Amino acid sequence: MRFGVIGCGMVAQVMHIPYLAEQPEAELHAFVDPAEDRAHELADRYNVPHVYASHEALLDERGDELDAVVVLTPSHAHADVVVDTLDAGIHTLVEKPLATSLEDADRIVEADEASEATAMVAYMKRYDPSYQRARAEIDGLDGIDLVTAYDVDPDHFRIVDEVYDLVEGAPPEELIEESVEKRQSDIEQAIGTDDETLVDAYDFQLEHVCHDVNALRGLFGRVESIDHVNVFADGRYATAHLTYEGGVQCVLETGDSDRKWFEEFIRVDAPDGMVSVDFSNPFIRNTPTELRTKQGIEELTDTVRTPSYDEAFKREQEAFIDCVEGDAEVKTTTAEAREDLRVIVDLFRAYRGEAVRTDD
């Protein structure tokens, strides 16, 4: 299966490209990046025969040769790329978040529905072995009293620079300016304000809390209501009270810091027990997520499991290939990812006292 990688930045270099190179069913056929110097250096490193500055050039010259693409551009550029690849009948794995605005997300969903190609959103946590095992443990609880989702990022770039040999690039200045302007416009449109603090907060949370929103969706279904939202610490932190299907109550705590440790977990408290999924740093390969269960009133059972050291990013790629080959159905769909984006937009609209768009 011939793959094109569109966007060769950090997540491409740290995870997607190395693991695609390990997939026996995958052949790296082309790299696309507006920083052509970076794409050429990576192509030399991975023995990839074709390099392009734009996805349009790739599709014009090599579209007939490609089976699949992985879209790793900034989220505000996803729609233009994904619509074109799906229109060309090319199977498409696109990074999360699906888009920056609901309008762009709608374009992707419409293209997905009209295409015979497979489209999947790269929510790698849904393929984490501990996360997948947590479903059975949660089902074994005697009801759910409270769900707590906590996610505070460190300075990932500083950590990544210590661990990986990344190839830097120099995109054209005019392209950078256009990209910044589009992202700013999309954010202001999405949350209905040009308030600098909220624009910056949404810019971060969009890329950050989408992980938690989707992981919670996979365990508890649809968000039925957003009951309270607070954005504070100069926009770096936010909390929200959410109600999921069946009345499940969730407290979401999310933030950005300069500290040097990563912390993200989902904890489920029940009358007689607790299940906690403690995620590892997503940019450090093969660091396992821990699954902890406690149960008992008269006697206590406290168990910590590490089901596998298998990397969630690699398992996600394997799942995508299985879907393309017809051996599995897509679990993380564009329609689901569009609803995740709606939840994030609604968090900011609720904070501003506006009616949330739950019926979109």
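Filter segment 1-30 for residues that are within 12 Å of residue 70 (Cα to Cα) and more than 21 Å from the chain's Cα centre (by Cα) and give the result.
Matches in segment 1-30: 2, 26, 28, 29, 30.
For segment 203-224, state whether one or more residues are over 14 Å from residue 346 (Cβ atoms), surrounded by fewer than 19 Cβ atoms within 10 Å (Cβ to Cβ), at pLDDT below 95 and among the small types (Gly, Ala, Ser).
Looking through segment 203-224, none of the residues is over 14 Å from residue 346 (Cβ atoms), surrounded by fewer than 19 Cβ atoms within 10 Å (Cβ to Cβ), at pLDDT below 95 and among the small types (Gly, Ala, Ser).
Report yes if some residue within segment 154-167 is open to solvent by 40 Å² or more (accessible area, probe 1.4 Å), outside any loop (DSSP other than H, G, I, E, B) and over 30 Å from residue 260 (Cβ atoms); otherwise report no.
Scanning segment 154-167 turns up no residue that is open to solvent by 40 Å² or more (accessible area, probe 1.4 Å), outside any loop (DSSP other than H, G, I, E, B) and over 30 Å from residue 260 (Cβ atoms).
With the checklist (1) surrounded by 13 or more Cβ atoms within 10 Å (Cβ to Cβ); (2) within 25 Å of residue 83 (Cα to Cα) in hand, flag the one item residue 128 doesn't pass.
That leaves (2) as the condition not met.
Return the pairs, sorted by first residue and then second, in which the second residue is open to solvent by 10 Å² or more (accessible area, probe 1.4 Å) and part of a loop (DSSP other than H, G, I, E, B), the first residue lies in segment 190-201 and is free of Cβ contacts under 8 Å to residues at least 40 places away in the same chain and closer than 16 Å to residue 342 by Cα, the beta carbons are less than 6 Å apart, and the residues are 6+ apart or on different chains.
Hits for this filter: zero, empty list.
Among the residues of segment 274-305, which ones are of a type in the set (Asp, Glu) and closer than 13 Å to residue 125 by Cβ? Steps first, answer last, please.
Taking segment 274-305 first, the residues of a type in the set (Asp, Glu) are 278, 290, 298-299, 302.
Passing the criteria: only 278.
So is residue 147 within 25 Å of residue 206 (Cβ to Cβ), of a type outside the set (Phe, Trp, Tyr) and either open to solvent by 40 Å² or more (accessible area, probe 1.4 Å) or part of a helix (DSSP H, G or I) (or both) or not?
Working: within 25 Å of residue 206 (Cβ to Cβ): yes; of a type outside the set (Phe, Trp, Tyr): yes; either open to solvent by 40 Å² or more (accessible area, probe 1.4 Å) or part of a helix (DSSP H, G or I) (or both): no.
Here the answer is no, as residue 147 does not meet what is asked.
I need a count of the residues in segment 243-262 that are within 17 Å of residue 215 (Cβ to Cβ) and touching a residue at least 40 places away in the same chain (Cβ under 8 Å).
10
Run down 317, 295 and say which single residue is open to solvent by 40 Å² or more (accessible area, probe 1.4 Å), of a type in the set (S, T, N, Q) and in contact (Cβ under 8 Å) with a residue 12 or more places away in the chain.
On the way: 317 fails: open to solvent by 40 Å² or more (accessible area, probe 1.4 Å).
One residue alone meets the criteria, 295.
Can you list residue pairs whose Cβ atoms sit under 6 Å apart, with the first residue in segment 220-242 being free of Cβ contacts under 8 Å to residues at least 40 places away in the same chain and the second being assigned to a helix (DSSP H, G or I)? Count only pairs 6 or more apart in sequence or on different chains.
221/245; 235/197; 235/200; 235/201
Here's a check for you: in segment 320-350, which residue that is part of a helix (DSSP H, G or I) and out of contact with any helix residue (DSSP H, G or I) (no Cβ under 8 Å at 6 or more places or on another chain) is most open to solvent (accessible area, probe 1.4 Å)? Steps first, answer last, please.
So in segment 320-350, the residues part of a helix (DSSP H, G or I) come out as 320-324, 334-350.
Restricting the remaining residues to those that are out of contact with any helix residue (DSSP H, G or I) (no Cβ under 8 Å at 6 or more places or on another chain) gives 320-324, 346, 350.
On the way: 320: 2, 321: 4, 322: 63, 323: 14, 324: 33, 346: 1, 350: 32 Å².
Within segment 320-350, the match that is most open to solvent (accessible area, probe 1.4 Å) is 322.
Which condition does residue 170 not pass, out of (1) assigned to a helix (DSSP H, G or I); (2) touching a residue at least 40 places away in the same chain (Cβ under 8 Å); (3) of a type in the set (Gly, Ala, Ser), if it passes all the others?
Looking at each condition in turn, residue 170 falls short on (1).
Within segment 104-154, track down each residue that is in contact with a Lys or Arg (Cβ under 6 Å, 6 or more places away or on another chain) and hydroxyl-bearing (Ser, Thr, Tyr).
123, 127, 131, 148
The values are calculated or read from the model by the stated rules, or taken from the named source; none is laboratory data. None of these values were measured; they are calculated from a predicted model. Backbone-built Cβ (ideal geometry, glycine too); neighbour counts: all protein chains shown. We work out accessible area using only protein heavy atoms, side chains counted, and drop any ligands, DNA or RNA first. Shrake-Rupley method; radii C 1.70, N 1.55, O 1.52, S 1.80 Å.
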